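The structure appears below as structure tokens.
All of the numbers you see were taken from the coordinates with simple rules; none came from a lab. No experiment lies behind these values; they were computed from the predicted model shown. Here the Cβ is made from the backbone with ideal geometry for all residues, glycine too, and neighbour counts use every protein chain on show.
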Amino acid sequence: MKIQSIKFKLTTVYAIFFTIVFVVYGSVLYFSLYRALYKDFDYELEANVEKLKKSLNEFTDFQKRKWIVSTDYVNIIDSNKKPVLSSKNLRGNLVNDFIRKAPNSNIEKTVFRIISSDRQRFRVINMPFVKGGEKYILQVGSSLKPVIKVLQKRIFYMVVSVPFVLTIGVLLGYFFISRALKPVEDIAQTAQNITYEDLSARIKIKLVDNEFKHLINAFNEMISRLEKSFKHISEFSSYVAHELKTPIAIIRGETEIALRKQRSSEEYIRVINVCLEESQRMLKTIEDLLLLARLDFRPELFKFERTNLHEFMNEIYEQSKILASQKEISVQRDFADGDIFIDADKIHLRRLLFNLVNNAIKFTPKNGRIDFSMKKEDDKINISVSDTGIGIPEEDLPKIFNRFFRIDRTRQNAEPSNGLGLSIAQSIAKIHNGTIHVTSHVDKGSTFAVIIPLK
Amino acid sequence: MKRILVCDDDNKIREIYTRLLVLEGFGVIQCANADHANEILKDSDIDLVLLDIKMPEADGSEFHDVIRLFHREVKVIVSSVYSLEEQKSLVKDAFDYYDKSQGTDILLEKIKNALEI
């Protein structure tokens, strides 16, 4: 495990915490045992000293009896701290130590003392006793050795257990945390398996904790979006190839036929013109595609300048009138009053509008009508181009901005379109932070509204 | 004289194929969509159909089934800008397939082959 890992940190924290809990709990138990043992001990001593007191009260002259109460050490001293009676086991220094540590005979209640002597520790109860008008102190003591032994053993086991507990803590911690973090491993593993060729991998979400569900869902959705994008790109490449193949088929067909035998000059000129036209058509398609790529991925290449929309739109209006006059289509305008300024890339904004105008002219029959309007809507500008043309069927409406989408009805067009006009228009609107909306009714006409924010 | 129906919605392509085939001595009828082609098949005596299929809708495919059902003797060569494999996967069991960018020599070869000339 590396230091810089969550697993390491969490496992360490867990193991330490686990051990601390063990130590604290062990200490609590230890101290309660300590108290219990001493309490019982003192209780025994008290019982014994009471017994002693009782027997002493029964006898008038206690000097004549030697009292040995089990293994206890018994000592009776007078008010001058002189021993009156001692048990046999109180020898040598021990009895002196007992006497030394005895309290004053004026005490009213029992007093406990601990006496260290002879490399042992004794707990002694000192009880005041009055007999025949004289004050005495009754001392009953017992060796603390058994108690100390038990307590020492307890501490020893606790201390010796700590490394084991620590190890168990580490193992348990590592186990639980690894399990909990397994989804992270899965994500990493799945991510490894994803290449642009195979985007089908997903992480299973069944037995996963809630915190990870969110992450895994986000991750799976991201892969799905990527998959869609790649599919889109590959379909697009396919479309492009086919778009360019038709002009090539035409050039090839015409030139091969022309070369089969001697032709007239007019025929050769015609064929050469066809080749020229078709190569220009291919060039336009290629340039349009490059423009789309720039619009979508390199918006910084476009030059924005402060544009007076009134001037701009009037220019477009005038030019549209000329274009539309060929089909005797009338052009009207309705522009809001007052100067309106936006930051626009003039060249491309012009292109956007002419794409719309050209479509309007193309799909509107003779004597039809085209309307321009421009008005402010809150903090946005709405420029729309309406026509009284053939309209767009409802089911096609969502598709018209797709690359290469063309109206299916076979019109006898002199110039076939490459289907990129509206795509380009939409992308131009996008670099101006705007959008294009379309409404249309079959055989009534269509309206394309370009909405651009003022800032 | 063998008669060929050229079915393609692109004017220029239709013109080229018509001219090519007329020069080779075939009778040629043009049409721009499946409905029109259907009528022509019913009324005239056609030996071969050069059928353009538009991807991805490939409405040519349904029409091809119609031809096989009602005009079994008519040979069909499917044509498109798409590759031969893609054409084959969209229209099954046509007599032959033609990629438009392959050029006129190959087209003539396939037609002559279909008409056993």
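In Å, what is the Rg of the alpha-carbon atoms in segment B:64-117, and how long is Dmax?
Rg and Dmax of segment B:64-117, Cα atoms, are 11.3, 31 Å.
List the lysines whose Cα lies under 16 Å from the Cα of residue A:204, skipping any in the same chain that are fewer than 8 positions away.
A:182, A:213
Averaged over A:247-259, how many beta carbons belonging to a partner chain fall within 10 Å of each residue's beta carbon?
6
Post the alpha-carbon centroid distance, segment A:136-180 to segment A:354-375, in whole angstrom.
So the two Cα centres are separated by 94 Å.
Between residue A:180 and residue A:234, what is the FRET efficiency for a Förster distance of 25 Å, r being their Cβ-Cβ separation, to the nearest 0.05?
With R0 = 25 Å, the Cβ-Cβ based efficiency is 0.05.
Within segment A:121-138, which residues have the backbone N less than 11 Å from the label spot 7 Å out from residue A:44 along Cα→beta-carbon, could you tell me?
A:123
Any idea which of A:392, A:353, A:417 is furthest toward the positive side of the dipole for segment A:278-431, if Lys and Arg beta-carbons carry +1 and Asp and Glu beta-carbons -1?
The Cα lying farthest towards the positive end belongs to A:417.
Residue A:13 versus residue A:32, label points 7 Å from Cα toward the beta carbon: distance in nm?
Result for the modelled spin labels: 3.0 nm.
Which residue, A:80, B:4, A:47, has the largest displacement toward the positive end of the dipole of the protein assembly as shown when charges sit on each Cβ (Lys, Arg +1; Asp, Glu -1)?
A:80
Dipole of chain B, Cα-centred, from +1 at each Lys and Arg C-beta and -1 at each Asp and Glu C-beta, to the nearest 20 debye?
Roughly 260 debye, rounded to the nearest 20.
What angle do you read, to the nearest 10 degrees and between 0 and 90, between the alpha-carbon axis of helix A:6-58 and the longest principal axis of chain A?
20
Once each part is reduced to its C-alpha centroid, what is the distance from segment B:62-117 to segment B:1-53 in angstrom?
So the two Cα centres are separated by 13 Å.
Given R₀ = 22 Å, what would the calculated FRET efficiency be for residue A:442 paired with residue A:330, taking r from the Cβ atoms and rounding to 0.05?
Computed FRET efficiency for residue A:442 and residue A:330 comes out at 0.50.
Could you state the per residue volume, in Å³, of the convex hull enclosing the Cα atoms of segment A:203-266?
71
Within segment A:107-142, list the residues whose amide N lies under 17 Å from a label point set 7 Å along Cα→Cβ of residue A:150.
Counting backbone N atoms under 17 Å from the label point, the list is A:121-124, A:142.
Do any GluC sites (Glu not before Pro) in segment B:53-113 lie in a DSSP loop with no more than 13 other beta carbon atoms within 10 Å, and if so, which?
Hits after loop and neighbour filter: B:57, B:73.
Treating the beta-carbon of each Lys and Arg as +1 and of each Asp and Glu as -1, no other charges, what is the dipole magnitude of the protein assembly as shown about its Cα centre, to the nearest 20 debye? Don't skip to the answer; put the middle values down first.
On the way: 84 positive and 78 negative charges, 1336 e Å.
Result for the protein assembly as shown is approximately 6420 debye, rounded to the nearest 20.
Taking the Cα atoms only, what angle lies between the long axis of helix A:346-362 and the longest principal axis of chain A, rounded to 10 degrees?
60
Could you give me D for segment A:75-229, from Stokes-Einstein at 4 °C and 1.567 mPa s, where the hydrodynamic radius is the Kirkwood radius over C-alpha pairs? Units µm² s⁻¹, please.
My calculation gives 57 µm²/s for D.
Starting from the Cα of residue A:304, step 7 Å along the direction of its Cβ; do the same at residue A:57; then give the gap between the two resulting points in nm.
10.7
For the cross-link pairs A:39/A:131; A:362/B:112; A:261/B:75; A:228/A:366; B:2/B:100; A:362/B:100, which exceed 32 Å when the distance is taken from alpha carbon to alpha carbon?
With Cα atoms farther than 32 Å apart: A:362/B:112; A:228/A:366.
Can you tell which of A:189, A:155, A:332 lies farthest toward the positive end of the dipole of the protein assembly as shown, using +1 and -1 charges on the Cβ of basic and acidic side chains (Lys, Arg; Asp, Glu)?
Checked the options; the winner is A:155.
Kirkwood Rh and Cα-based Rg: tell me the resulting Rg over Rh for chain B, rounded to two decimals.
0.91
Taking only DSSP H segments of four or more residues, each worth -39500 (n - 2.57), what value at 222 nm results for chain A once the sum is divided by all its residues, to the nearest 500 deg cm²/dmol? Write down the numbers at each step before the final one.
Working: 8 runs with 240 residues, N = 455.
The per-residue figure over chain A is -19000 deg cm²/dmol.
Which FRET efficiency, nearest 0.05, do residue A:268 and residue B:102 yield, Cβ-Cβ r, R0 22 Å?
Values: r = 24 Å, r/R0 = 1.07.
Efficiency for this residue pair is about 0.40.
In 20 Å bins starting at 0, how do the alpha-carbon pair distances of the protein assembly as shown split up by percent?
14, 25, 18, 10, 8, 11, 11, 3, 0
With contacts defined as alpha carbon pairs under 8 Å and 6 or more residues apart, what's the relative contact order of segment A:314-394 in percent?
The value is 33 percent.
Find the relative contact order for segment A:72-125 and round it to a whole percent, using C-alpha pairs within less than 8 Å whose residues are 6+ positions apart.
Contact order relative to length: 25 percent.
Calculate the dipole size of segment A:234-357 relative to its Cα centre from +1 charges on Lys and Arg beta carbons and -1 charges on Asp and Glu beta carbons; express the result in debye to the nearest 20. Show your work: numbers first, answer last.
Working: 18 positive and 22 negative charges, 127 e Å.
Result for segment A:234-357 is approximately 600 debye, rounded to the nearest 20.
Is there a simple number for the mean count of other chain Cβ atoms within 10 Å of the Cβ of residues in B:93-104, and what is it?
3
Give me a single rounded figure for B:6-17: the average over its residues of other chain Cβ atoms within 10 Å of their Cβ.
Mean partner shielding for this stretch: 4.
With an 8 Å cut-off on Cα pairs and a minimum separation of 6 or more residues, tell me the relative contact order of chain B in percent.
The value is 22 percent.
Cβ neighbours within 10 Å, averaged per peptide: list B:32-40, A:345-353 in order, most packed at the top.
The packing order, highest mean first, is A:345-353, B:32-40.
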